[in-house]
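Laboratory data are not the source of any read-out in this text; all were calculated from the coordinates shown. Since the model is a prediction, treat every value here as computed from it, not as a measurement. Counting neighbours? That spans all protein chains shown, and the Cβs are built from the backbone with ideal geometry, glycine included.
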Amino acid sequence: MADRVTVIGWDGTPLTEAARGALSAATLVAGAAHHLALPEVPPGAERIRLGSMHLAARRIVGHRGTAVVFADGDPGFFGVVRTLRSPDYGLEVEVVPAVSSVATAFARAGTPWDDAQVVVAHGRTLRRAVNVCRAHPKVAVLTSPGAGPAELGLLLGKVHRTFVICEELGTPREQVTVVTSEKAADHSWRDPNVVIVLGGTTAPDTGWIAGRDPGRGPRGWVLPAGAYEGTPKEGEGERLRTAQLARLAPRVGDLVWDIGCGSGAFAAEAGRFGAAVIAVDRDPDSCGRTAAAARRAGVELSVVQGTAPHILESLPEPDVVRVGGGGAAVVSAVADRRPERIVTHAATRDEAELLGRDLAEHGYQVECALLQSVELDTGSWTERERTVAFLLSGLLPDRAP
């Protein structure tokens, strides 16, 4: 194992004294081509051009001498330090940090970033990164080849955002470009790059926590149906809604479909968990109420007017889905898209059996519970309202984490 491993962050500025000292003693230097071309790299040191960080880590483990690893920006922020320190290699490292590429990108944009989400986009996480961009008004995306500005713009589709694209930060080829998301696919972009994605409703300044404030909005999972505009539809009661949210467990990076969104109560509350939401209803008044509910809750969501199941064909891939209306035809069309979880409800046992059988035929593990809620008038302690519904939930085993 290497006698000493130093990780040096590089942001284009001259190396610090600590970095030069570590580099002068290095017998192995790993980094990108522009790192290895620095004049301070000892001419007799073994050089490793970084491609796979895991391959480089194995070389460092087997090296007898002093190793230096270069990384762009802050190597402890979505960087190589995590890989080198993993139990697979057991390397103890010293870190000479630099300004992270995210901080530099926001500096170039001239905007604060303590309220921003930061995500990494590559082949496996691109879709989830896009969902964060759908749900949040300020996101920094650390891209990779095949998961860059063009792909982000294409997957955002009709969700309009402004992209600040920062290419090759800290190098003589640095370039900052501002384009709309739909125009990003019209260009070729150089790697590495950072994309700042801006748009939608700006969250209020909390001044106490970085990123999204998890306590924003009213306390509690759900609000009473009366907190939303219009007469609640069947199946929009707060207790049924609570159970549906518990079954779906929407989270940051998810895309939620809310089909038959009604008052917008479920859609707005799913958005409060940090998920991206597409709310669908054929009634234009329901679409308007849903948009208003989202504004009051301070969340971003997309509202689509149309009739399910036909309108669903044009929507991007969901992670979890609530079917608030449309019956077996809509449930079947949703199951064809293979989301991890589906919840719906039925008024009768026969209807519940029909829906459950359809989910099971699509390969879902099905649960059904009869929920009965009795609201009491606490002045007289008499029954005020009674609701009964069959709650169905389906879990797709091969999509479950």
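Tabulated results
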item	result
Most fluctuating residue given options Pro224, Pro14, Pro42, as computed from a GNM of the chain linking Cα atoms under 10 Å	Pro14
Distance between region 127-142 and region 64-84 - C-alpha centres, whole angstrom	26 Å
Radius 10 Å from Cβ of Gly394, net charge of other residues (Lys, Arg +1; Asp, Glu -1)	-1
Residue list for region 349-372, given a label point 7 angstrom along the Cα-to-Cβ vector of Ala328 and an amide N cut-off under 14 Å	349-362
27 Å tail of the calculated P(r), the chain, as % of Cα pairs	58 percent
Furthest towards positive pole of dipole, Thr171, Leu301, Cys261, structure part the chain, Cβ charges	Thr171
For the chain, calculated [θ]222 nm from helices alone, where every DSSP H run of n ≥ 4 adds -39500 (n - 2.57)	-7500 deg cm²/dmol
Qualifying trypsin sites (Lys or Arg not before Pro) in region 148-178, DSSP loop, other Cβ atoms within 10 Å at most 12	Lys158, Arg173
Loop-resident sites, region 305-401, for chymotrypsin sites (Phe, Trp or Tyr not before Pro), counting at most 12 other Cβ within 10 Å (DSSP)	Trp381
Computed over region 237-392, Kirkwood Rh from alpha-carbon pairs, angstrom	16.0 Å
Distance between region 311-326 and region 155-172 - C-alpha centres, whole angstrom	28 Å
Cα-projected label distance for Arg108 with Ala210, points at 7 Å along beta-carbon direction, nm	2.0 nm
Bridge type composition, the chain - antiparallel percent by DSSP, nearest 5	50 percent
